[in-house]
Amino acid sequence: MSKKQLSAVFVKMGDKVPTTKYDPNVNQDELIMKQQRLIEKEIMDSIPLVGDKEDFSSLEGEYDGDDIYKQKVKNLAKNYKYIRRTRPDGNCFFRAFSYAYLEKLIDDREEFNRFRELAAKSKENLVALGFPQFTVEDFHDTFMEVIDQVGKHHSVLSPGAPAGEDLHKVFNDQGNSDYVVVYLRLITSGQLQRDSSFYQHFIEGARSVEDFCHQEVEPMYKESDHIHIIALSTALGVGVRVRYMDRGDSAEVIAHDFPEGSLPQVHLLYRPGHYDILYPH
Amino acid sequence: MSTPARRRLMRDFKRLQEDPPTGVSGAPTDNNIMIWNAVIFGPHDTPFEDGTFKLTIEFTEEYPNKPPTVRFVSKMFHPNVYADGGICLDILQNRWSPTYDVSAILTSIQSLLSDPNPNSPANSMAAQLYKENRREYEKRVKACVEQSFVD
């Protein structure tokens, strides 16, 4: 049935055919952005940036009557004890990754020292690549403050729980949490541009690596793909294992390690469009 | 109360004063750091030359993670400026990066004046004249330049 016939049917049924005419005097960009903000606000009000640790079995309830997913959750439960959910705002990979990794550093002083040194130097590397010093500095300062808050707990006698609580607070404070995400996006962008001849192969279409970074990496709320994960894990020297849970036939949930062959320090669960944190047994 | 957005805007303002780019200026309004007034001087060797174009910049608490809303207050005739003064510029929409500050925003708009993009028009008349009748385009722009002295 053609569109015209279809609307004729609607009219016959007494429905009003919506008539939204394009008005060239209305700023369409702003209208679209307004609508988008409304949707974002709804998500913001209902889901925390980073949630509490939940028993992995809590996932099962989400898939009642869905045998494919149910079987996958069962299989995954052999490997993972807990899950921690993140807000689906397009920043979830960066937020989940940094939370999971910093949480690990609370108990790993040696790795913490390695990472702190790398993080401290990272600003100069970005500036050398042409990032504006003035604004990069702003994000870097906050990034280092968050890292040092984790390190602070290495010197006290009873590490563990209180450090985790502090981290949880920092990551649920929109300002600090988003600054960490921005800085990781910049590091990712820097890595892509530094090694652009390699990463160019992963980019579809005629876009240059630089364009890709400006459109898909640096802006907040842009979702992450393999290429972001490879670049960030390589830049920081931190192995990530992502478990891909989709509607595929196999009962196993496929694992990908980034960079390839690395020892995973962070485990994430990917369901189409979203990343959460996983905790192995 | 100091929030990341307000802290960052204070930094932006300080930088704009200490290291001002040529041809643009901006400052927060007296009682609200989230709303700024700005002026862009028409770039040399363009029909906008000698114009002093006023703008407002409105920030939200999500700045610098989201771009501010920038609007010309002065009447403009430009392919990428809407009738209400709104600006169609990629870095203020889908290409925004948190590394941009007020100074970068204003200089980007300034270069948009020199190099309009008639392929994504916000003012179709201006875009058409820019492509097909440059003389008439320049005449209309000059009228805005003169208007900008009076505003």
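Observations
- With DNA, RNA and ligands ignored, accessible area of A:LEU278 (1.4 Å probe; Å², nearest 10): 10 Å²
- The GNM of chain B, with springs linking C-alpha atoms under 10 angstrom apart, assigns the highest mean-square fluctuation among B:ARG95, B:ARG15, B:ARG140 to B:ARG95.
- In summary, no helical segment of chain A meets the span-like criteria, namely a full DSSP H run, a Cα extent along the axis of 18 angstrom or more and a mean Kyte-Doolittle hydropathy of at least 1.0.
- Ranked by solvent-accessible area (1.4 Å probe, protein heavy atoms only, all chains present), the residues A:PHE198, A:PHE143 order from largest to smallest as A:PHE198, A:PHE143.
- Charge tally for B:LYS142 (other residues, Cβ to Cβ under 12 Å; Lys, Arg +1; Asp, Glu -1): -2.
- With 24 Å as the limit on Cα-Cα distance, the pairs of A:LYS34/B:LYS139; A:LYS104/B:LYS66; A:LYS121/A:LYS152 that go past it are A:LYS34/B:LYS139; A:LYS104/B:LYS66.
- Estimated 222 nm signal from helices in chain A, with DSSP H stretches of n ≥ 4 weighted -39500 (n - 2.57), rounded to 500: -16500 deg cm²/dmol
- Each residue was assigned an accessible area with a 1.4 Å probe, and for B:LYS131 the value is about 130 Å².
- Label-point separation in nm, B:ASN117 to A:TYR244, each point 7 Å along Cα→Cβ: 3.3 nm
- Calculated from backbone phi, Karplus (6.51, -1.76, 1.60) coupling profile of segment B:88-97 in Hz, x at Gly/Pro: 9, 9, 4, 5, 8, 10, 7, 10, 5, 10
- Solvent-accessible area, 1.4 Å probe, carbon plus sulfur percent, for segment B:2-147: 47 percent
- Divided by 2.2 N^0.38 Å, where N counts the residues, the Cα radius of gyration of chain B comes to 1.05.
- With R₀ set to 60 Å, the beta-carbon distance separating B:GLU49 from B:SER2 gives a calculated FRET efficiency near 0.90.
- The slack in the chain from A:GLN215 to A:ASP148, taken as 0.36 nm per residue of separation less the alpha-carbon distance, amounts to 21.0 nm.
- Counted over chain A, the DSSP beta bridges are approximately 75% antiparallel.
- Rounded accessible area of A:GLU60 (nearest 10 Å², 1.4 Å probe): 60 Å²
- Excluding ligands, DNA and RNA, the accessible surface per residue across chain A is 53 Å² with a 1.4 Å probe.
- Summed over both chains, the contact between A and B buries some 2400 Å² of accessible surface at a probe radius of 1.4 Å.
- The helix-only estimate of mean residue ellipticity at 222 nm for chain B, built from DSSP H runs of length n ≥ 4 each weighted as -39500 (n - 2.57), is -11500 deg cm²/dmol after division by the residue total.
- Neighbouring partner chain Cβ atoms per residue of A:133-146, average, 10 Å criterion: 3
- Using the Cβ-Cβ distance between A:LYS81 and B:ALA143 with R0 = 41 Å, the FRET efficiency computed as 1/(1 + (r/R0)^6) comes to roughly 0.05.
- Accessible heavy-atom area order of A:THR142, B:THR52, highest first, probe of 1.4 Å: B:THR52, A:THR142
- Cα gyration tensor shape of segment B:94-151, rounded if a/c is under 1.5, else prolate or oblate by comparing a/b with b/c: oblate
- Treating r as the C-beta distance of A:ALA206 and B:THR107 and R0 as 22 Å, the FRET efficiency rounds to 0.20.
- Largest GNM mean-square fluctuation among A:ASN125, A:ASN27, A:ASN91, using chain A with Cα springs under 10 Å: A:ASN27.
- Ranked order, A:VAL180, B:VAL39 - accessible area, probe 1.4 Å, largest first: B:VAL39, A:VAL180
The values are calculated or read from the model by the stated rules, or taken from the named source; none is laboratory data. Since the model is a prediction, treat every value here as computed from it, not as a measurement. Reconstructed Cβ throughout: ideal geometry from the backbone, glycine too, with neighbour counts over all protein chains shown. Keep in mind that these areas ignore ligands, DNA and RNA; they rest on the heavy atoms of the full protein, side chains included. Shrake-Rupley method; radii C 1.70, N 1.55, O 1.52, S 1.80 Å.
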